[in-house]
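Below is one structure; the comments refer to it alone.
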């Protein structure tokens, strides 16, 4: 499953939601997704050049082309898109679950995740690789705020990653207290993560830290 949040929103227009099956996803759709993603997602931080032989530059936008969309996220016919949009396209935005501040609080991401969950029969587990508090709340709402089972996560997370076969997380290292593996980057034991997957995706987290500071 792959969930796109593709929105063109004004203050008054209602939002419509559509599920697009793999066979109906065209390069034209993905090109628009790519363009909107490249203009809105985020920026590389100071670690990006160090881990990319200076190919990625600090402060430059994170970009995702059509080819990479296919390779990383639409790699078999079980994947699909969930789209949210309005009739007015005066202000197009595209995010991968993370909703820009102008559109937060409208339940868009939670609705997209609910649609994705309900589109699949016999869902065993549902998760989201994100550090953004609003994304975490969205998946909690999509799952009807059922209690988080940390033991289930510890016992099955690695197997779920492998089964899902998502290229950029399926073989990555899991870190955190539930996996009995502390992060070497955290000096203070009180700051150790509970559940973290090491994606080496070095982006600026200014917005995330600001939101966490206000919680």
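Among what's in the stretch 124-155 and is within 11 Å of the chain's Cα centre (by Cα) and assigned to a loop (DSSP other than H, G, I, E, B), pick the residue that is nearest to residue 207 (Cα to Cα). Within the stretch 124-155, the match that is nearest to residue 207 (Cα to Cα) is 132.
Do we find that residue 125 is surrounded by 15 or more Cβ atoms within 10 Å (Cβ to Cβ) and in contact (Cβ under 8 Å) with a residue 24 or more places away in the chain in this structure?
no
The condition (being surrounded by fewer than 14 Cβ atoms within 10 Å (Cβ to Cβ) and at pLDDT below 85) is satisfied by just one residue among 40, 54: 54.
Residues being part of a helix (DSSP H, G or I) and modelled with pLDDT of 85 or more are entirely absent from the stretch 182-190. Residues in the stretch 156-169 that are outside any loop (DSSP other than H, G, I, E, B) and surrounded by 13 or more Cβ atoms within 10 Å (Cβ to Cβ): 156, 157, 158, 160, 161, 164. Within the stretch 23-50, being in contact (Cβ under 8 Å) with a residue 40 or more places away in the chain, part of a loop (DSSP other than H, G, I, E, B) and within 22 Å of residue 70 (Cβ to Cβ) holds for 25, 41, 42.
Search the stretch 170-181 for residues being under 24 Å from residue 52 (Cβ atoms) and at pLDDT 85 or above, and hand back the single one that is surrounded by the fewest Cβ atoms within 10 Å (Cβ to Cβ). If we take residues in the stretch 170-181 being under 24 Å from residue 52 (Cβ atoms) and at pLDDT 85 or above, then 173 is surrounded by the fewest Cβ atoms within 10 Å (Cβ to Cβ).
Within the stretch 193-215, restricting attention to residues that are over 11 Å from residue 42 (Cα atoms), free of Cβ contacts under 8 Å to residues at least 60 places away in the same chain and in a helix (DSSP H, G or I), the residue that is nearest to the chain's Cα centre (by Cα) is 209.
The values are calculated or read from the model by the stated rules, or taken from the named source; none is laboratory data. As the structure is a computational prediction, the values presented were derived from the model and not from experiment. Glycine gets a Cβ as well: all are built from the backbone with ideal geometry, and neighbour counts include every protein chain shown.
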